[in-house]
Amino acid sequence: MKDRVRAHVFVSGTVQGVFYRVSTRDAARDRKVDGWVKNLPDGRVEAVFEGTREAVESMIEWCHTGSDRAIVQDVEVSFEEPEKIDGFEIRR
């Protein structure tokens, strides 16, 4: 799909232990976005989103708020070549 884009995202703040990963997975599935999300040892959350530009940009916007209990301080985004990921998973 030529319209497909990939965003690599790092979210910092209070984003672990607040259902951020589960909420990210649910939001991505609602938007038909493929990819993954995981906690990092430094307290950040890392995610990759693949899909239409509109859907991926919607996920990036969502990351600025996140789950109800999250306190997001920063969202870093870089765009990469899509890798044709299928589905969305929480990585450990």
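Using a simple spin-label model with pseudo-atoms 7 Å out from Cα toward Cβ, ILE90 and GLU61 lie 2.6 nm apart. If I model a spin label at LYS32 and ASP68 as a point 7 Å from the Cα along the Cα→Cβ vector, what separation in nanometres do I get? Calculated label separation equals 2.9 nm. Distances between placed amide hydrogens fall under 5 Å for GLU89 paired with GLY35, TRP36, VAL37, all partners being 5 or more residues away or on another chain. I'd like to know which of VAL5, VAL22, ASN39 lies farthest towards the positive end of the charge dipole of the range 1-41, counting +1 on Cβ of Lys and Arg and -1 on Cβ of Asp and Glu. Farthest along the dipole direction, towards plus: VAL5. Binning the C-alpha pair distances of the chain at 5 Å intervals from 0 yields a P(r) profile of 3, 16, 30, 27, 16, 7, 2, 0 %, listed from the shortest bin outward. Would the range 47-92 count as rounded, prolate or oblate if I go by the C-alpha gyration tensor, calling it rounded below 1.5 in a/c and otherwise prolate when a/b exceeds b/c, oblate otherwise? It is prolate, given that a/c is not under 1.5 and a/b is the larger ratio. Residues SER12, SER78, arranged from fewest to most other Cβ atoms within 10 angstrom of their Cβ, appear as SER78, SER12. Measuring r between the beta carbons of GLN16 and GLU83 and using R0 = 30 Å, the FRET efficiency lands at 0.75. State, as an integer percentage, the relative contact order of the range 4-84 based on alpha-carbon contacts under 8 Å between residues 6 or more apart. Relative contact order, the range 4-84: 48 percent.
Sequence-ordered 3J(HN,Hα) estimates for the range 72-82 from the Karplus curve with 6.51, -1.76 and 1.60 and θ = phi - 60° stand at 7, 9, 7, 10, 9, 10, 9, 9, 9, 6, x Hz, glycine and proline given as x.
Here, each number is a calculation from the coordinates, and none is a lab measurement. It should be emphasised that the depicted structure is a prediction, and the values quoted were computed from it without experimental measurement. Positions of Cβ are backbone-derived with ideal geometry, glycine not excepted, and every protein chain shown enters the neighbour counts.
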